[in-house]
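Trainee: Please read through the structure below; I'll follow up with questions.
The values are calculated or read from the model by the stated rules, or taken from the named source; none is laboratory data. Quick caveat: nothing in here was measured; it's all calculated off a predicted structure. As a convention, Cβ positions derive from the backbone with ideal geometry for all residues, glycine included, and neighbour counts pool all protein chains shown. These accessible areas exclude ligands, DNA and RNA; they are computed on the full protein's heavy atoms, side chains included. Shrake-Rupley method; radii C 1.70, N 1.55, O 1.52, S 1.80 Å.
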Amino acid sequence: MTNEEISVVEQSSPTFDRTRLAAASQELARQIAVSTPVRRPRRRLAVGIAAAAIVAVPTAAAATGLLDGLRSGIFGQPDKNSEDAGTSEWINICAPGYPALIREHKPDGPLPAGFTWARATQKQISQAAANPECQPGGHGAQQQEIGIVGWFDMYATCAWYSEAATAADAGDAKRVTRAGHELKTLANSEVNRITDGGGLVEFKNRIADDVLAGDVAKARDWAQNCELIK
């Protein structure tokens with residue numbers, strides 16, 4: 001059902017079937033969501049590199065109360081939609097329960113000195129809260145749940161890029177090698193394999209290999225442009 005068709009349903013009767021409209025709106029939201037491509041690697045690191053894209057939800061969906069809850073009941077179908085990042089559920093990042101869900105996904109893997117999962121968690125919560133679509137007058141926004149995991153994974157990757165550069169500046173080859181091994185592990189993580197729309201795993205492996213070989217130029221460049229750790 002198109003936006004125009006939904007409008008006709010709304011105007012045809014003051015007692016239109018809200019259940020039917022809600023179902024139609026949810027299907028429209030799903031179609032828009034799965035048609036949004038997963039972003040490819042760019043010079044400026046962003047959540048989209050390792051996560052499902054965040055998409056705005058149509059006004060009709062918001063109007064029928066679909067954004068009141070956290071979970072949509074709609075799951076990715078990568079076998080049918082090439083843009084879906086795995087089979088995780090599409091969730092409402094504007095819902096009151098979203099911060100708690102982020103905390104549930106907080107990792108416990110290693111981070112270099114100066115970086116913490118607590119800080120990463122708060123940054124992700126703050127970014128969602130600042131999303132224009134979550135403000136008064138916004139239409140709401142959804143992403144796949146795996147996007148939360150991908151955000152944390154990218155934060156760790158940026159942190160170890162930064163560590164590689166810092167260690168190289170200090171002439172500490174042992175720390176550079178440690179950073180390279182951590183980056184190699186992250187490059188081949190499950191979330192990277194799931195969200196790899198074409199070349200992501202290979203791209204990150206190349207940088208990790210460079211660091212293990214003592215070349216931190218690319219790691220330094222990406223760390224300096226990574227908004228997640230600033």
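Trainee: Collect the residues in the stretch 156-188 that are hydroxyl-bearing (Ser, Thr, Tyr) and farther than 15 Å from ILE207 by Cα, keeping them in residue-number order.
Mentor: THR166
Trainee: Among the numbered conditions (1) modelled with pLDDT of 90 or more; (2) more than 29 Å from LEU183 (Cα to Cα); (3) touching a Cys at 6+ places or on another chain (Cβ under 8 Å), tell me where ALA128 comes up short.
Mentor: If we test ALA128 against (1) modelled with pLDDT of 90 or more; (2) more than 29 Å from LEU183 (Cα to Cα); (3) touching a Cys at 6+ places or on another chain (Cβ under 8 Å), just (2) comes out false.
Trainee: Sticking with this one: Which condition from (1) in a helix (DSSP H, G or I); (2) open to solvent by 60 Å² or more (accessible area, probe 1.4 Å); (3) not charged (D, E, K, R) is the one that ALA128 breaks?
Mentor: Of the numbered conditions (1) in a helix (DSSP H, G or I); (2) open to solvent by 60 Å² or more (accessible area, probe 1.4 Å); (3) not charged (D, E, K, R), the odd one out for ALA128 is (2).
Trainee: What tally of residues in the stretch 84-115 results from selecting those that are open to solvent by 40 Å² or more (accessible area, probe 1.4 Å) and over 30 Å from HIS181 (Cα atoms)?
Mentor: Within the stretch 84-115, residues that are open to solvent by 40 Å² or more (accessible area, probe 1.4 Å) and over 30 Å from HIS181 (Cα atoms) number 3.
Trainee: Of these, ILE148, ILE207, ILE194, which one is touching a strand residue (DSSP E or B) at 6+ places or on another chain (Cβ under 9 Å), of a type outside the set (S, T, N, Q) and on the phi < 0 side of the Ramachandran plot?
Mentor: Testing whether each residue is touching a strand residue (DSSP E or B) at 6+ places or on another chain (Cβ under 9 Å), of a type outside the set (S, T, N, Q) and on the phi < 0 side of the Ramachandran plot leaves just ILE148.
Trainee: Next question, about the same structure. Please go through the stretch 171-203 and give me each residue that is surrounded by 19 or more Cβ atoms within 10 Å (Cβ to Cβ) and in contact (Cβ under 8 Å) with a residue 60 or more places away in the chain, ordered by number.
Mentor: Residues satisfying the conditions are ALA179, GLU182, VAL191, ASN192, ILE194, THR195, LEU200.
Trainee: If you don't mind, another one. Step by step: first the residues of the stretch 139-166, then only those that are free of Cβ contacts under 8 Å to residues at least 60 places away in the same chain and more than 13 Å from VAL191 (Cα to Cα), then the one that is surrounded by the fewest Cβ atoms within 10 Å (Cβ to Cβ). Which residue is that?
Mentor: Ranking the candidates gives THR166 first.
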